[in-house]
1. For region 110-136 and region 217-265, what is the separation of their C-alpha centers, rounded to whole Å?
2. If I model region 143-211 as equal point scatterers sitting on the Cα atoms and use the Debye formula, what is log10 I(q)/I(0) at q = 0.29 Å⁻¹?
3. Which semi-axis lengths, in whole Å and largest first, follow from the square roots of five times the eigenvalues of the Cα gyration tensor of region 107-181?
4. Give me the net charge of residue 180's neighbourhood, meaning all other residues with Cβ under 13 Å from the Cβ of residue 180; Lys, Arg count +1, Asp, Glu -1.
5. Could you tell me the convex hull volume per residue, in Å³, taken over the Cα atoms of region 30-88?
6. Would you mind counting up the charge near residue 131? Only other residues with Cβ under 11 Å from its Cβ, with Lys and Arg at +1 and Asp and Glu at -1.
7. For region 232-302, which GluC sites (Glu not before Pro) pass both filters: DSSP loop (anything but H, G, I, E, B) and at most 15 other C-beta atoms within 10 Å?
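Values in this text are rule-based calculations from the coordinates and carry no lab data. None of these values were measured; they are calculated from a predicted model. Don't worry about glycine lacking a Cβ; one is built from the backbone with ideal geometry, like all the others, and counts go over all protein chains shown.
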Amino acid sequence: MLLLADFGSTKMKQTLTILITILSLSAFAQIGEKKLDDQAFDFYLDKKYDSALIYYQKITKKKNRASDPYYLNQIGDCFFYLGKYEQAKKHYLQSLKDTSEAGPYAPQRGSCHNLADVYISENKYDSALYFLRLAEDKWPHLRICSAGEFERLSVLNHKFAICFNGISQPDTAIKYLTQYAFYTTDWYGSNHDSLKYLELVNFYLGVLGKRYSANEIKGEFNTAVKNFYYKKELDLEFKKKYPKENYYRVESYIIFFGNKVILRDGMYEANSWGGEPVAEYSKQYLFKEFSESTLVKLLKKY
């Protein structure tokens, strides 16, 4: 009995030793991977893409990471920013093979957009459109709040417009951009690159200039200004529910070459703004803001 007990004890010790070794190696591997990941991301943030690439490639040499869409996208980004577009495309396309749902920040969305950028640079607009649409259909952006939404949509629609203009569909290109072209650079905020917005405006004007004559553009602009729409009214349905509250709905827009440009469409509580009138929702304020946009200043020169 003693011998059996000793034997059992020895076997148990051996088993425990093996388990501890396996767990230790697994933990070590996880710590090692995290260090590689952290180092890679630090280099990536510092725009040291050559160095980031080395670390990301080390991670994907591991069997369980070889097809990980996040790391494939990161490697693609490194090649993309290094100007090595063919290698970038290869890794982006590999990341798209994983079609599983990856949450609101799916790396595949980024892969699609950068593939579109590459194809736009190569004047392959049909291919660029395919990947822009794929991103919107398969991995759509999840809007959490309105912060940065104007910039995001203006950049996205600018890409669509470039593609449609490239395949000789200027009217569609104009439709995609009209809503975003009549704003001031202030809409981008102090933390954003207003040069992107100026690039959008110049591109938009270029497409307009090829599609219409100077007289047509001038006439359409004057008509849009003349028919500047503004409506403010008390929200009666809300008033029924909350008799003591005054909520106003304001709608304001212009029509330019058949495209509606919304300048204001929303409600506000008059009491919370210190009473009437509320300048930011007045016709005078909205018209002044519209008149100060870069595009309007350029259109006035026609």
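1. So the two Cα centres are separated by 36 Å.
2. So the normalised log intensities work out to -1.32.
3. 20, 17, 9
4. +2
5. It comes to 66 Å³ per residue, whole-number rounded.
6. The answer is +2.
7. Here the sparse-neighbourhood loop sites are 245, 292.
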